[in-house]
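Beneath this line is the structure, given in structure tokens, with notes to follow.
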Amino acid sequence: MNHGPALTRLMQGVGADIQRYRELVRLLESQFKAALQHDAVALSELANGVTELVVTLDASRRERNTLVRGMLGDGVPMTGVFKLLDGARREALESGWHTLEELVRESKRLNARNCQLMMDQHSLMQRVMHGEATTYDPA
């Protein structure tokens, strides 16, 4: 069975997603800095950029899953594709896939960090504006 076009598309997609995830990491780092500076305008712009990029990454993920399913059937992970390649192409895909996995983990970590910071800032602002919930509770 000739999987050449699907394999080529898959490899190109992994390479493109590596670049997209590097951009996502950059945006998340900028978002963190903007949150520390309470820069609402920058936060809004960055949120739009992150959202657009995540939509693109999700579409790419769905396409990758469709390609893998088309080549190997349901339930086979991306790593199953490696056996269809040999030599430099296999090494390139394995390396790219591992890089992509690392970038996904880093993006999730940064997103969780940013979320925690903004939730903490919101909580602090609520306490400053409205006082502690137990400030006037009887002893």
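The values are calculated or read from the model by the stated rules, or taken from the named source; none is laboratory data. Because the structure is a prediction, the values reported are computed rather than measured. Cβ sites come from the backbone with ideal geometry, for glycine too, and all protein chains shown count toward neighbours. The protein model used for the area step is the full one, side chains on, heavy atoms only, and it has no ligands, DNA or RNA in it. Shrake-Rupley method; radii C 1.70, N 1.55, O 1.52, S 1.80 Å.
Values as computed for the structure displayed
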read-out	value
Thr99 being open to solvent by 60 Å² or more (accessible area, probe 1.4 Å) and out of contact with any Lys or Arg (no Cβ under 9 Å at 6 or more places or on another chain)	no
One residue from Arg64, Arg105, Arg69, Arg90 being open to solvent by less than 70 Å² (accessible area, probe 1.4 Å), in a helix (DSSP H, G or I) and basic (Lys, Arg)	Arg64
Residues satisfying the stated conditions in segment 8-22, i.e. over 15 Å from Arg62 (Cα atoms) and of a type in the set (A, V, I, L, M, F, W, C)	Ile18
Test: residue in segment 83-103 that is among the charged types (D, E, K, R) and closer than 14 Å to Ala16 by Cα	yes
Residues of segment 2-32 satisfying the condition of being of a type outside the set (Val, Ile, Thr), free of Cβ contacts under 8 Å to residues at least 40 places away in the same chain and in a helix (DSSP H, G or I)	Gly4, Pro5, Gln12, Gln19, Glu23, Arg26, Leu27, Ser30
Residue in segment 36-48 that is modelled with pLDDT of 95 or more, within 13 Å of the chain's Cα centre (by Cα), surrounded by 13 or more Cβ atoms within 10 Å (Cβ to Cβ) and of a type outside the set (Gly, Ala, Ser) present	no
Single condition Arg26 does not satisfy, out of (1) over 22 Å from Gln116 (Cβ atoms); (2) of a type in the set (D, E, K, R); (3) under 16 Å from the mean Cα position of the chain (by Cα)	(1)
